[in-house]
Amino acid sequence: MLDVRQLEALVAVLEHGSFGTAASQLHLTLAAVSLRVKALEETLGQRLLVRGKRLRATVAGQALLAHARQLQLMEADLLASLPGHLPVAGQDWQRLSVAVNADSVAAWFLPGVAPLLRRQRLLLDIVVDDQDHTHDALRSGAVSGCVTTLARPLHGCVAEPLGVMRYRCVALPELVQQCRMAGAAVSPHRLLALPAVIFNRKDGLQDIFLERHFGLRQAAYPRHFVPATDAFMAALELGLGWGMVPEHELARRPVGRPPLVDVLPEATVDVVLYWQHWLREAPSAQALTLAVKQAASEQLEPIETSLPA
């Protein structure tokens, strides 16, 4: 049997990124936390942490972190279900960690799960990352579920299809006009002479657009990086360049905002999203999974009819 106190120490160290902060949170000495983690490593016969400038879990440490968090959720669900259980004020909330892409968080994820969070007193700890990388947080054990483009289930996980987010390449009308030739056709060379507005360095939607609709691979062009949703839209409205925007974001833009038009009408990039989560889930995590799937079914495009032939 694994020692619960040793597991608690490992989780605290990984969550806070240092032995000192973990010791403070657990009301223990630094030496006590270090000894507990070391004892756990000796029991298992392998290292659980990579110690350096930044503490991180080994593969075994990631597996233990995921296991420990599942145990915490299951214990909280069990206590809440016991007859006569009287929760301590302020401690009757459960925390669920998830990884979600920035375009999904406010658009459909939070509105979809909000009623469940209020009803079951759940707290979300959201890790925001590109949809092609959110599964890294699940693999490391840092989260219990993620919105991802990865269709193949990770070890010990389930991948459930959610739907499609459709993106359009847009810019201010005057910038789009600069991209057109005399016959009104868009010139890819003129487009690439203008800067692209990109969410972050993990974002590859613009490259997918250029390859799919112009046959350009690894094209070179100037780029702005704007890793905040509101600021990203502001950059496009200020005429700083062209960029890929979710179709639903364009549809709900307030009246009076600067117009954003398609660089290439009817040309889209469809991103298929999946909800990956642990195969064995606590009841609270199961409820979150159901809420996520329901929200996606109402807000995203269905996969079977949205993918290009």
Under 9 Å by Cβ, and 6 or more places apart or on different chains, what pairs join a residue from the range 204-226 that is more than 24 Å from residue 133 (Cα to Cα) with one that is part of a loop (DSSP other than H, G, I, E, B) and among the charged types (D, E, K, R)?
none
Yes or no: the range 191-199 includes at least one residue that is outside any helix (DSSP H, G or I), closer than 30 Å to residue 69 by Cβ, under 21 Å from the mean Cα position of the chain (by Cα) and touching a residue at least 40 places away in the same chain (Cβ under 8 Å).
yes
Residue 248, sole failed condition from (1) surrounded by 19 or more Cβ atoms within 10 Å (Cβ to Cβ); (2) in contact with a helix residue (DSSP H, G or I) (Cβ under 9 Å, 6 or more places away or on another chain); (3) part of a helix (DSSP H, G or I); (4) not charged (D, E, K, R)
(1)
Determine if the range 226-238 includes at least one residue that is crowded, with 19+ Cβ neighbours inside 10 Å, of a type outside the set (Phe, Trp, Tyr) and in a loop (DSSP other than H, G, I, E, B).
yes
Take residue 184 and decide whether it is modelled with pLDDT under 90, of a type in the set (Gly, Ala, Ser) and either closer than 30 Å to residue 260 by Cα or outside any strand (DSSP E or B) (or both).
yes
In the range 254-268, residues that are touching a residue at least 12 places away in the same chain (Cβ under 8 Å) and over 23 Å from the mean Cα position of the chain (by Cα) total 9
Report yes if some residue within the range 20-31 is in contact with a strand residue (DSSP E or B) (Cβ under 8 Å, 6 or more places away or on another chain), modelled with pLDDT of 85 or more and in a helix (DSSP H, G or I); otherwise report no.
no
Given the options 137, 106, 142, name the one that is in a helix (DSSP H, G or I), closer than 22 Å to residue 7 by Cβ and touching a residue at least 24 places away in the same chain (Cβ under 8 Å).
137
Six or more apart or on different chains, Cβ under 6 Å: which pairs go from a residue in the range 284-295 that's surrounded by fewer than 22 Cβ atoms within 10 Å (Cβ to Cβ) to one that's of a type in the set (Asp, Glu)? Could you list them?
284/77
Members of the range 242-299 that are among the basic types (Lys, Arg), at pLDDT below 95 and under 30 Å from residue 68 (Cα atoms):
280
Determine whether the range 165-177 contains at least one residue that is surrounded by 15 or more Cβ atoms within 10 Å (Cβ to Cβ), within 30 Å of residue 280 (Cβ to Cβ) and of a type in the set (A, V, I, L, M, F, W, C).
yes
When you go through 116, 44, 73, 138 one by one, which is the residue that is closer than 22 Å to residue 155 by Cβ and at pLDDT 90 or above?
138
Matching option when the condition is modelled with pLDDT of 95 or more and either of a type in the set (Phe, Trp, Tyr) or closer than 30 Å to residue 62 by Cβ (or both), among 169, 146:
146
Residue in the range 4-43 that is surrounded by the most Cβ atoms within 10 Å (Cβ to Cβ), counting only those that are over 22 Å from residue 140 (Cα atoms) and among the hydroxyl-bearing types (Ser, Thr, Tyr):
24
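The values are calculated or read from the model by the stated rules, or taken from the named source; none is laboratory data. Keep in mind that what you see is a predicted model, and the values were worked out from it rather than measured. Note: ideal-geometry Cβ built from the backbone for every residue, glycine included; neighbour counts use all protein chains shown.
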